[in-house]
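Enquirer: Structure incoming, see below.
The values are calculated or read from the model by the stated rules, or taken from the named source; none is laboratory data. These numbers were taken from a predicted model, which means no experiment stands behind them. Heads up, the Cβs are rebuilt from the backbone with ideal geometry, glycines too, and the neighbour counts pull from every protein chain shown.
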Amino acid sequence: MSIRKSRNYFSPDYMNQQKEKDKSYGLHPLDGYLKKDRIPHIWCPGCGLGVVLSSFLRALDHSGIPKEKTAVVSGIGCTGRVAGYLNMDSFHLTHGRAIPFATGLKVGNPDMVTTVFSGDGDLFAIGGNHFIHAARRNVDFNVICVNNFNFGMTGGQAGPTTPTEATTTTTPFGGFEHPFNLPAVAAGSGAVYVARWTAYHVEALIRSLEEALNKKGFCFVEVLTPCPTGYGRRTGQKTGKEAMKYYKENSRIEHGADPTEVSLDQDEIIVGKFVDREAPTYQERRGEIFQAIRKKKGVE
Amino acid sequence: MKPDTYFIDGNTACAEGAIAAGCTFFASYPITPATEILETMAKRFPEIHGSYLQMEDELASIAAVIGASWAGRKAMTATSGPGFSLMMENYGFALMTETPCVIVNVMRGGPSTGLPTMVAQGDVMQTRWGTHGDVGVVVYCPGSPQEMFDMTVEAFNTAERYRLPVVLLSDAVVAHMTEKVVIPPKEELDIVNRKKPKNSPEEYLPYCPDEDLVPPMACAGEGYGVHVTGLTHDERGYPSVDEKTQTFLVTRLINKIRKNSDDILKYEEYKVDDAEIIIVAYGSVSRSAREAVDMARAEGIKVGLLRPITLWPFPEDRIYELAAKGVKAFLVAEINFGQIVYEVQRCTDGHCPTYLAPRMGGSIHTPEELVERLYGINEGKEGSN
Ligand SMILES: Cc1ncc(C[n+]2csc(CCOP(=O)(O)OP(=O)(O)O)c2C)c(N)n1
Ligand code: SF4
Ligand SMILES: [Mg+2]
């Protein structure tokens with residue numbers, strides 16, 4: 001499905017559907033997806049996490065995938081708390097291990113539409129090895145990476161996506177390391193779907209997430225997200241609004257851009273859908289081979 | 001393998017035990033001396049519609065196993081010391097989230113890379129206290145290929161019945177030794193499956209235990225919307241980071257094992273009834289110890305063997321009873337510098353001395369060297385440990 005085709009988000013049909021849902025759920029059309037008794041959440045004022053979460057829920061809602069068949073897996077961090085607010089099968093793992101857990105869950109029950117929802121530190125510092133291997137295996141699940149350029153939960157330390165020059169609590173004089181260009185890591189490791197958006201690009205993000213939910217194989221969506229408390233206040237984006245304004249003014253959409261050329265150390269932020277290709281999934285390949293073996297051995 | 005009598009090694013028996021117990025998910029990372037377990041699983045799984053995954057490391061192996069367990073599968077991983085060390089954090093996660101699964105650790109010489117191909121028993125206390133926090137654990141220690149089969153089945157049953165990760169703590173000798181193994185027909189195997197909730201998703205409290213302190217388990221895709229977290233959580237499974245919830249939860253997790261320990265505990269005795277000296281040995285060493293008992297008895301020393309099959313729960317009451325009854329001494333033979341010996345010493349409560357026959361790894365005790373120690377103890381020539 002191309003991004004263009006799924007652009008019926010505001011169609012009358014959909015709006016009517018939403019109205020029906022409003023009646024059954026109460027105040028907000030997405031309430032049914034949340035554990036309402038766990039709200040208010042712990043996130044700071046101006047944090048972009050709410051935007052990413054509601055975009056995911058809108059995408060899920062629009063996709064028509066029943067929430068009983070949806071699993072969300074998070075690691076540790078502010079982003080890792082997403083799982084705990086969802087009214088569906090949701091798992092809050094140890095730091096870095098959301099992806100291998102999701103691998104076991106998905107292979108164990110292939111009916112579950114599984115999404116890993118976690119932070120840049122969780123997925124690419126402590127969990128980086130799992131990310132590249134899951135992409136290589138092409139296990140059928142999605143990874144949403146909330147990239148807020150730092151370790152938010154532990155108080156704003158530098159991480160594998162922190163821009164070199166940024167000052168953080170552990171790089172008080174600026175850093176010395178080069179950050180990952182996440183779409184290139186994902187594409188280079190074998191992901192079949194790779195996109196980057198910011199918390200400002202809500203509509204496109206929703207469509208992208210819906211595509212990922214519907215697509216077979218390992219799909220990766222990076223979302224640049226304001227973290228005023230941990231990151232912004234030391235790097236000139238003191239409020240969520242300032243970060244959003246920055247994303248708005250400095251982003252350029254370029255679908256199909258070469259992932260190796262979208263690193264964030266340039267003047268503009270390149271967003272868009274970079275990779276959307278077909279490849280047999282881990283389950284498909286294994287299914288075929290196992291079936292052939294069973295046939296050969298005469299077992300059912 | 002079809003029910004029959006076989007001549008196979010301990011690792012193959014372990015893999016077959018897992019399959020017999022209903023294991024259909026296996027994830028691990030190759031390591032000596034556990035590799036034959038993976039290889040057997042890889043070969044056997046297509047026929048049984050199982051999922052075998054060779055993961056990128058042991059951190060991933062155990063995480064995948066926990067994920068598969070929450071997908072409703074019976075799941076296992078197998079490793080040795082270096083990999084077991086990597087698993088410690090998620091071992092605790094599985095204990096905290098009450099995830100049934102089985103972790104096989106085939107012990108080799110440590111610390112560090114140590115003696116990859118040779119035997120040791122240095123990971124005993126790691127299975128008990130290796131993960132951070134206070135936990136209640138169950139650890140089986142098989143002493144033969146037959147027990148590799150039987151105790152793997154048992155480990156799955158205990159994992160499912162009490163909802164926890166169970167460790168099968170084997171060693172390089174038991175794992176690589178080839179012996180007669182009987183695989184019984186399905187009807188003769190007692191297979192336990194986890195309790196499922198009987199109430200509706202609206203009424204279901206995922207961490208509200210029954211009388212046995214074990215909560216029924218709803219898995220992903222069953223419509224219960226389970227939330228699973230390693231954070232301290234209340235009966236709804238919601239994180240609740242406060243002292244009261246912590247006390248309530250951790251107490252239950254520990255009591256779940258303590259209060260059911262009579263049911264879980266397993267040990268074997270050999271010529272203990274009239275024994276004046278009792279050897280305590282487990283795993284491969286118990287085989288030499290048994291021989292030593294007979295050799296010493298032929299010389300007129302009344303010796304018996306107490307072989308813990310579960311290291312946790314530990315046969316505390318039995319050792320206390322024997323000590324209080326007037327046993328002259330305990331001799332603990334283990335391939336480390338003293339781990340279970342302190343447990344035995346604690347259980348004797350000062351009634352008699354406890355001696356240690358240590359070994360640093362690489363080989364098991366010979367019966368002769370144990371008999372030598374028994375002579376010394378019998379003649380009162382040994383200072384207390
Ligand atoms: C094994 C381990 N090491 C360290 C931590 C401490 N820790 C908690 S969250 C976190 C960083 C999370 O960063 P990120 O994934 O970017 O999430 P964010 O809070 O920014 O959303 C760290 C290091 C931990 N929980 N576990
Ligand atoms: S620290 Fe940053 S990421 Fe965490 S809740 Fe606050 S603003 Fe959001
Ligand atoms: Mg972060």
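Matching residues to (1) outside any loop (DSSP other than H, G, I, E, B); (2) hydrophobic (A, V, I, L, M, F, W, C); (3) under 23 Å from residue B:151 (Cα atoms); (4) at pLDDT below 95:
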| site | (1), (2), (3), (4) |
| --- | --- |
| B:314 | no, yes, yes, no |
| B:321 | yes, no, no, no |
| B:327 | no, yes, no, no |
| B:337 | no, yes, no, no |
| B:347 | yes, yes, no, no |
| B:375 | yes, no, no, no |
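Enquirer: For segment B:56-85: of the residues being within 11 Å of chain A (Cβ to nearest Cβ) and surrounded by fewer than 24 Cβ atoms within 10 Å (Cβ to Cβ), which is farthest from residue A:293 (Cα to Cα)?
Expert: B:57
Enquirer: In addition: Do you know which residues across segment A:73-98 are in contact with a Leu (Cβ under 7 Å, 6 or more places away or on another chain), of a type in the set (A, V, I, L, M) and closer than 10 Å to residue A:118 by Cβ?
Expert: A:73, A:82 - these are the residues of segment A:73-98 that are in contact with a Leu (Cβ under 7 Å, 6 or more places away or on another chain), of a type in the set (A, V, I, L, M) and closer than 10 Å to residue A:118 by Cβ.
Enquirer: Return the only residue of A:172, A:179, A:183 being away from chain B (no Cβ under 14 Å), touching a Leu at 6+ places or on another chain (Cβ under 9 Å) and either assigned to a loop (DSSP other than H, G, I, E, B) or away from ligand 3 (no atom under 14 Å from the Cβ) (or both).
Expert: Selected residue: A:179, the only one of A:172, A:179, A:183 that is away from chain B (no Cβ under 14 Å), touching a Leu at 6+ places or on another chain (Cβ under 9 Å) and either assigned to a loop (DSSP other than H, G, I, E, B) or away from ligand 3 (no atom under 14 Å from the Cβ) (or both).
Enquirer: Here is a follow-up. Return the residue satisfying two criteria in turn: it lies in segment A:39-62 and is in contact (Cβ under 8 Å) with a residue 40 or more places away in the chain and part of a loop (DSSP other than H, G, I, E, B), and of such residues it is farthest from ligand 2 (Cβ to nearest atom).
Expert: A:39
Enquirer: Moving on to the next point. Determine whether residue A:96 is within 14 Å of chain B (Cβ to nearest Cβ), farther than 22 Å from residue A:269 by Cα and within 14 Å of ligand 1 (Cβ to nearest atom).
Expert: Answer is yes for this residue.
Enquirer: Sticking with this one: Considering only segment A:257-271, how many residues are without any contact (Cβ under 8 Å) to a residue 40 or more places away in the chain, surrounded by 12 or more Cβ atoms within 10 Å (Cβ to Cβ) and within 17 Å of residue A:165 (Cα to Cα)?
Expert: 1
Residues are listed down the side, and each one gets a yes or a no for (1) at positive phi; (2) away from ligand 3 (no atom under 16 Å from the Cβ); (3) not hydrophobic (A, V, I, L, M, F, W, C):
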{"site": "A:57", "(1), (2), (3)": "no, yes, no"}
{"site": "A:62", "(1), (2), (3)": "no, yes, yes"}
{"site": "A:96", "(1), (2), (3)": "yes, no, yes"}
{"site": "A:127", "(1), (2), (3)": "no, no, yes"}
{"site": "A:130", "(1), (2), (3)": "no, yes, yes"}
{"site": "A:134", "(1), (2), (3)": "no, yes, no"}
{"site": "A:145", "(1), (2), (3)": "no, no, no"}
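Enquirer: For residue A:198, state whether it is over 17 Å from the mean Cα position of the chain (by Cα) and in contact (Cβ under 8 Å) with a residue 24 or more places away in the chain.
Expert: no
Enquirer: Now a separate question. Among the residues of segment A:136-159, count how many are within 16 Å of ligand 2 (Cβ to nearest atom) and either more than 14 Å from chain B (Cβ to nearest Cβ) or in a helix (DSSP H, G or I) (or both).
Expert: Counting residues in segment A:136-159 that are within 16 Å of ligand 2 (Cβ to nearest atom) and either more than 14 Å from chain B (Cβ to nearest Cβ) or in a helix (DSSP H, G or I) (or both) gives 15.
Enquirer: Is it the case that segment B:20-40 has a residue that's in contact with a Leu (Cβ under 7 Å, 6 or more places away or on another chain) and within 18 Å of residue B:194 (Cα to Cα)?
Expert: So far as segment B:20-40 goes, yes, one or more of its residues are in contact with a Leu (Cβ under 7 Å, 6 or more places away or on another chain) and within 18 Å of residue B:194 (Cα to Cα).
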